[in-house]
Every structure is written in C-alpha cells, then in structure tokens.
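Beneath this line is the structure, given in structure tokens, with notes to follow.
The values are calculated or read from the model by the stated rules, or taken from the named source; none is laboratory data. Just so you know, these numbers come straight off a predicted model, no measurement behind them. Cβ coordinates were reconstructed from backbone atoms using ideal geometry, including for glycine residues, and neighbour counts include every protein chain displayed. SASA here: full protein model, heavy atoms, side chains in, ligands and nucleic acids out. Shrake-Rupley method; radii C 1.70, N 1.55, O 1.52, S 1.80 Å.
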Amino acid sequence: LLWLGGWLFGLLTALGMLASGVGLFMIVWLAAWIVGGTYAIATFLWMVAGSETLRIQAGQLEVSRSIPVWTRRTRCDFSMVRNLRTIERTPAGLFGQRSHMAGLFLGKDEGTLRFDYGVHTLGFGLDLDRAEADHIAKQLILRYPGLGPDAN
C-alpha cells in the first residue's frame, strides 16, 4: 500500500505536468507508469481478495480466477479432460519464495493440479500444498472416474 501511495503521487504529478504542456516523453512515461500501476493494483487485490474457483457442470469444466473488478475464465469441454494429477510446487520469486504475482496474470497451465485437455496441459490450485492437491484430485477422480490417469 505504501508503494501504491507513491505510485499515485507520481501519477498525479505527471498528469499535472502533462496539463502544463510537457511533450512526448511525458506521454510515453505516463503510459508505462499506468501499466505498471495497474499490474501492482491487480497484484494487491489478488493478495487481499483474489479467488480461484473450479466448476464442473453442464458438460463443462471451468476454472476462474478473479479479483473484485475482473475475472479470467478458462472453459473446457469436460469430455476432453483427462489425466488429472498433482505436481510439486516449484519455488518462484526472490530467494526461492512463492511469488505473490496476481493469479490473473499467470498462465493457464499454472497450478498444483494439472490435467490434459486435448494437446494442452491446463492447471488450477495456485497456492495449494501437495497434500491438499492430492486430496482434491482423489475426490474429483472418485466422483468423475474419467479424470484419472488410467482412464485413457
């Protein structure tokens, strides 16, 4: 939040300079400043209010990642989902710590749970521990046997 306060101060200062007739450099700088700030705000919102949801209904599997102002959905034809499995989380970020990167910006293949969808590998369960992911995978495979690794 402190960083975002500095970002807002910089934004307001740049907008004031832009209004006084500063040239092209300020326009380019301001555009980059807004992109960076938008990313930082989305990351903050992900840390405090972000959610990831898995829905299986009406022949579709849907993974949605959302913050209060935006949702990113991945929909799959459930009949083409195969080989649900867990993977070990690899450390990311500075000094091997998990990154707090906004889940909205991570790839569709990220997550502790992975499955094959046609020729693609997709994932969900961004911050699950391996034991949690194993439990969820077992429950899903019990309910939907076609998801299991031996169901091909």
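So if I check each of 65, 89, which one is modelled with pLDDT of 90 or more and within 30 Å of residue 148 (Cα to Cα)? So that I can check it myself, show each step before the final result.
On the way: 89 fails: modelled with pLDDT of 90 or more.
After applying the criteria, what remains is 65.
With the structure loaded, tell me whether residue 74 is in a strand (DSSP E or B) and either at pLDDT 85 or above or exposed (fewer than 11 other Cβ atoms within 10 Å of the Cβ) (or both) or whether it fails that test.
Working: in a strand (DSSP E or B): yes; either at pLDDT 85 or above or exposed (fewer than 11 other Cβ atoms within 10 Å of the Cβ) (or both): yes.
In short, yes.
For the range 18-39, check the following and say yes or no: at least one residue is of a type in the set (Val, Ile, Thr) and in contact with a helix residue (DSSP H, G or I) (Cβ under 6 Å, 6 or more places away or on another chain).
Of all residues in the range 18-39, those of a type in the set (Val, Ile, Thr) come to 22, 27-28, 34-35, 38.
Narrowing the set further to residues that are in contact with a helix residue (DSSP H, G or I) (Cβ under 6 Å, 6 or more places away or on another chain) leaves none.
So far as the range 18-39 goes, no, none of its residues is of a type in the set (Val, Ile, Thr) and in contact with a helix residue (DSSP H, G or I) (Cβ under 6 Å, 6 or more places away or on another chain).
How many residues, within the range 77-90, are of a type in the set (A, V, I, L, M) and either in a helix (DSSP H, G or I) or touching a His at 6+ places or on another chain (Cβ under 7 Å) (or both)? First the steps, then the outcome.
Keep residues of the range 77-90 that are of a type in the set (A, V, I, L, M), which gives 80-81, 84, 87.
Remaining after also requiring either in a helix (DSSP H, G or I) or touching a His at 6+ places or on another chain (Cβ under 7 Å) (or both): 80.
So the count comes out to 1.
Within the set of pairs 6+ apart or on separate chains, which have a first residue in the range 102-126 that is in contact (Cβ under 8 Å) with a residue 60 or more places away in the chain, a second that is of a type in the set (Phe, Trp, Tyr) and surrounded by fewer than 14 Cβ atoms within 10 Å (Cβ to Cβ), and C-beta atoms under 8 Å apart?
Pairs that qualify, where the first residue is in contact (Cβ under 8 Å) with a residue 60 or more places away in the chain and the partner is of a type in the set (Phe, Trp, Tyr) and surrounded by fewer than 14 Cβ atoms within 10 Å (Cβ to Cβ), are 104/70.
Looking at the range 34-61, which of its residues are over 14 Å from the mean Cα position of the chain (by Cα) and part of a strand (DSSP E or B)?
55, 56, 57, 60, 61
For residues in the range 102-148 being open to solvent by 40 Å² or more (accessible area, probe 1.4 Å) and β-branched (Val, Ile, Thr), which is farthest from residue 57 (Cα to Cα)?
Once the filter is applied, the top-ranked residue is 119.
Tally time: how many residues in the range 28-71 are farther than 14 Å from residue 105 by Cα, of a type in the set (D, E, K, R) and surrounded by 14 or more Cβ atoms within 10 Å (Cβ to Cβ)?
The qualifying residues number 1.
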